[in-house]
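Quick notes on the structure that follows.
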Amino acid sequence: MGVWSRDLMSQSTPSSIASTWKERLNGQMREDWAREIDVFETQIELRKKGKFEEKMFAETRLRRGIYGQRYDNGQRFDGEKTQELKFPCGDLTKGPVTVFDAPGMMRIKIPYGKMTAAQMDVLCDLAEEYSDQILHVTTRQDIQLHFIHIEDTPDLMRRLAAVGVTTREACGNSVRNVTACPYAGVCNTETFDVTPYAHAITFFLLGHDDTQDFGRKVKVAFSGCKSEACGLVNFHDIGGIAKVVDGKRGFEFYVGGGLGSVPYPAALVSEFLPEEELLPMSQAVARVFARLGERENRSKARIKFLVKKLGLEEFKRLVFEERGKLRTDERWTSFLADLHNTDESPLKPPSELTGALPAGFDAWAKTNVKPQSQAGYSTAKINLPLGDYTPGQGRAIANLMRRFTGDTLRTTVDQNLMFRWVPNGDLPTLYSELAAVGLAEAGADTITDITSCPGTDTCKLGISSSRGLAGELRRRLTLVENELHPAAKALHIKTSGCFNSCAQHHVADIGFLGVSRNVNGRRVPHFQLVVGGELINNAANYGLAIGAIPSKNVPKAVQMVTDFYIRDKQPGETFKGFIDRVGKKPIRKIVDELNIVPSYEQDPSYYSDWGDPREYTIGDQGVGECAGEVVPLVEMGLAASEREVFEAQILLDEGKPAEAASRAFSAMLVAARSLTRQKNENLSDQPDEVVSEFKRLFVETKLFWDQYAHGKFAQYFFKAYEEPATDPSKETAHQLVEEAQLFVDAAYQCYTKTGNLAGTAS
């Protein structure tokens, strides 16, 4: 249990000791992050009181990384066994409905996968104190905790923020976690280290005005070279591959990639984008997508569909045109003055292997260890079954970082963890220490290192148990690992619980996506087999769908397909090359015999899924929240202004008139800015400009008009701007709060009356 557990914090403490996490961590986090967390805490209270509608609250919590999840009667399959959980409480069961205050998932952004020992410690404390004691590494290099109670989330956010970690925009219609090659900076084949660029774009786009009004999510990735399988730029909305031309750094700049039910390869927008143009061009892409992207049909609301609709050349034209309109931002290039800001330094001097090696070391080193570009150092992967580790294991990892590598750990897109800057001479000791906590399993980047999404365990969209299947495949393949042909051992398997491809099955040698079939009047879990994807060359090619196979026959299918490959491949032929040569038909013929499902009376096991002995059903599916509701930006802004008024009222009740008055004016400013940006998307946050444009576009045109009060409510705003209340009395502050409420109500009425004003810019 962490030192500052939830139970400890709830006990009475001496006055000299902070009694809440907000008090204890005061001043230890970024002010804007602290403010956002306070705001979210207020929103939770408003939702509990029925003063914050569910649609808006859902969008809000998603943008704070809180995702509704599936419930499984207090149990979870962890890849080895079904274990009892302390959450959810009460009578919650698997089901399609997300109750706003029921336990859910928290997604935590780990930009480009870099994690410090202190961050690892805090993550482990949170998993132990608030979750099911499992930390899950995602294919976007995030960390997810499950079965988190909504009322606990502000404290989790504060504890994360105090060590430089945020959950903001980890879910919802936003720029998700920026991923990058985990070998960046230490790779032998990279053009240059992409870490500082991934870092820069992460914090430039986080909370940026131009990234708040998307129809769906945007994913960004970087790779240091074209040939490897680490950055996977090809299936991202925005991607950069490091390139040097005439001694100058830049990127091959890609846009519009994506997997899901309709996979698209990314399109090349610029063969060479100079490094100083990376941020403004990404901003321009975001603005074009926000303005022209689909909103009504969520299945078409990604950049890839916009590129297809417009055509690549027209899309490029619009992006470059938008780039020319952007106001200059010093952040575009300021980070270039210190690209070494993200550099890592080894904790210990380089060394080489000497002496006797512990049992099992050679097998582990063969698959999990890779020499760095820096002589005397190596990277070492921790092969995590299903991407999971426990708090105890995480703390052991943090201690090993402090002893051997410093703050150089990275999460990977294949759901593993990776030490960097390990002196070669320390590798045997590191291996032994990992083995002591169950983390020294060999086979990283081999057929047993299977990537899986959460599937039906916790995801409402899951159709079949991807984790259960992955766990079973891993178990069986590990048993015969030593007997496998080297070419079979080098294959990659990925399992997704549905067509959304969260496990990236399209780019695996052998991939699976969950589907359901009706057999003999009962539901039977199946997986669609996909073969011939290509991870190398930044996920250059997608696989071919072969057909659906009953879930319980999938292990046999893997064996038959790999046996066919080893038996009939040509010398040196890759699996993708083999599939390209032989085509679908032979594969389909091989697995056809596996499509037969016995009757329920003959073998009821076919009618349940891996890791779940209950009869299979899809009646517990729900609406997915991977993008969230498409809530117009103006509605988000108006909701924010209403929250500001509420907080002003609280401050007034607490005897803080000056703060209440300031918050009241802020409420009016936010409401006015939200309305005005519908007609002037380039509007800044500066009060002078907001007041001027609001007056021109809404007051002078009488759009902001009441049939009885006429323009009275607008005058409240103008007066508060022109005559700021610097030291107001309680009565003055109270009046200003009341006027702010009236102004915000009028703003809502204006929006309702005029409708969506987008596209009417003057």
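Failed condition for T167, given (1) in contact with a helix residue (DSSP H, G or I) (Cβ under 7 Å, 6 or more places away or on another chain); (2) under 21 Å from M401 (Cα atoms); (3) of a type in the set (V, I, T), with all others met?
Going through the list (1) in contact with a helix residue (DSSP H, G or I) (Cβ under 7 Å, 6 or more places away or on another chain); (2) under 21 Å from M401 (Cα atoms); (3) of a type in the set (V, I, T), T167 breaks only (2).
Where residues in the stretch 706-724 are of a type in the set (A, V, I, L, M, F, W, C) and within 20 Å of E689 (Cα to Cα), which of them is surrounded by the fewest Cβ atoms within 10 Å (Cβ to Cβ)?
First pass over the stretch 706-724, keeping only residues of a type in the set (A, V, I, L, M, F, W, C): 709, 713-714, 717-718, 720.
Next cut, within 20 Å of E689 (Cα to Cα) only: 713-714, 717-718, 720.
Values: F713: 22, A714: 24, F717: 27, F718: 16, A720: 23.
Here the answer is F718.
Quick check on this structure: which one of F100, F87, F147 is at pLDDT below 95 and outside any loop (DSSP other than H, G, I, E, B)? Steps first, please.
Details: F100 fails: outside any loop (DSSP other than H, G, I, E, B); F87 fails: outside any loop (DSSP other than H, G, I, E, B).
That would be F147, the only listed residue that is at pLDDT below 95 and outside any loop (DSSP other than H, G, I, E, B).
Of all residues in the stretch 178-205 being buried (at least 24 other Cβ atoms within 10 Å of the Cβ) and polar (S, T, N, Q), which is farthest from H340 (Cα to Cα)?
T179
May I ask you to list the residues in the stretch 123-149 that are among the charged types (D, E, K, R) and more than 22 Å from T495 (Cβ to Cβ)? Show your work before the answer.
From the stretch 123-149, those among the charged types (D, E, K, R) are 125, 128-129, 132, 140, 142; that's our starting set.
D125, E128, E129, listed by residue number.
With in a helix (DSSP H, G or I), without any contact (Cβ under 8 Å) to a residue 40 or more places away in the chain and touching a strand residue (DSSP E or B) at 6+ places or on another chain (Cβ under 9 Å) as the only criterion, which of L434, L400 stands out?
Working: L434 fails: without any contact (Cβ under 8 Å) to a residue 40 or more places away in the chain.
None of the others qualify; the one that does is L400.
Which residue out of S227, S223 is in contact (Cβ under 8 Å) with a residue 40 or more places away in the chain, surrounded by fewer than 24 Cβ atoms within 10 Å (Cβ to Cβ) and either among the acidic types (D, E) or touching a helix residue (DSSP H, G or I) at 6+ places or on another chain (Cβ under 7 Å) (or both)? Even if it seems obvious, please write down each step before you answer.
Working: S223 fails: surrounded by fewer than 24 Cβ atoms within 10 Å (Cβ to Cβ).
The conditions single out S227.
So A242 fits all but one of (1) in contact with a helix residue (DSSP H, G or I) (Cβ under 6 Å, 6 or more places away or on another chain); (2) at negative phi; what number is the exception?
The failed condition is (1).
Determine whether R474 is over 23 Å from K366 (Cα atoms) and either among the basic types (K, R) or in contact with a strand residue (DSSP E or B) (Cβ under 9 Å, 6 or more places away or on another chain) (or both). Outline the logic, then answer.
Values: over 23 Å from K366 (Cα atoms): no; either among the basic types (K, R) or in contact with a strand residue (DSSP E or B) (Cβ under 9 Å, 6 or more places away or on another chain) (or both): yes.
No, not satisfied.
Do you know which residues across the stretch 262-321 are among the small types (G, A, S) and closer than 19 Å to A242 by Cβ?
So in the stretch 262-321, the residues among the small types (G, A, S) come out as 266-267, 270, 282, 284, 286, 290, 293, 299, 301, 311.
If the condition is that a residue be among the small types (G, A, S) and closer than 19 Å to A242 by Cβ, then A266, A267, S270, S282 are the ones that fit.
I'd like the full set of residues that are over 19 Å from L278 (Cβ atoms) and either at pLDDT below 95 or in contact with a strand residue (DSSP E or B) (Cβ under 8 Å, 6 or more places away or on another chain) (or both), limited to the stretch 330-352.
Once the filter is applied, which keeps residues that are over 19 Å from L278 (Cβ atoms) and either at pLDDT below 95 or in contact with a strand residue (DSSP E or B) (Cβ under 8 Å, 6 or more places away or on another chain) (or both), the stretch 330-352 yields E344, S345, P346, L347, K348, P349, P350, S351.
Taking the stretch 416-459, which residues are surrounded by fewer than 24 Cβ atoms within 10 Å (Cβ to Cβ) and under 21 Å from the mean Cα position of the chain (by Cα)?
Those that are surrounded by fewer than 24 Cβ atoms within 10 Å (Cβ to Cβ) and under 21 Å from the mean Cα position of the chain (by Cα): N416, M418.
Among the numbered criteria (1) basic (K, R); (2) under 30 Å from I510 (Cβ atoms); (3) at pLDDT below 90, which one does R643 miss?
(2)
Any residue that is of a type outside the set (K, R), more than 26 Å from V634 (Cβ to Cβ) and not in a strand (DSSP E or B) - is there at least one of those in the stretch 239-253?
Taking every residue of the stretch 239-253 in turn, at least one turns out to be of a type outside the set (K, R), more than 26 Å from V634 (Cβ to Cβ) and not in a strand (DSSP E or B).
The values are calculated or read from the model by the stated rules, or taken from the named source; none is laboratory data. Because the structure is predicted, anything quoted here is derived from the model rather than measured. Positions of Cβ are backbone-derived with ideal geometry, glycine not excepted, and every protein chain shown enters the neighbour counts.
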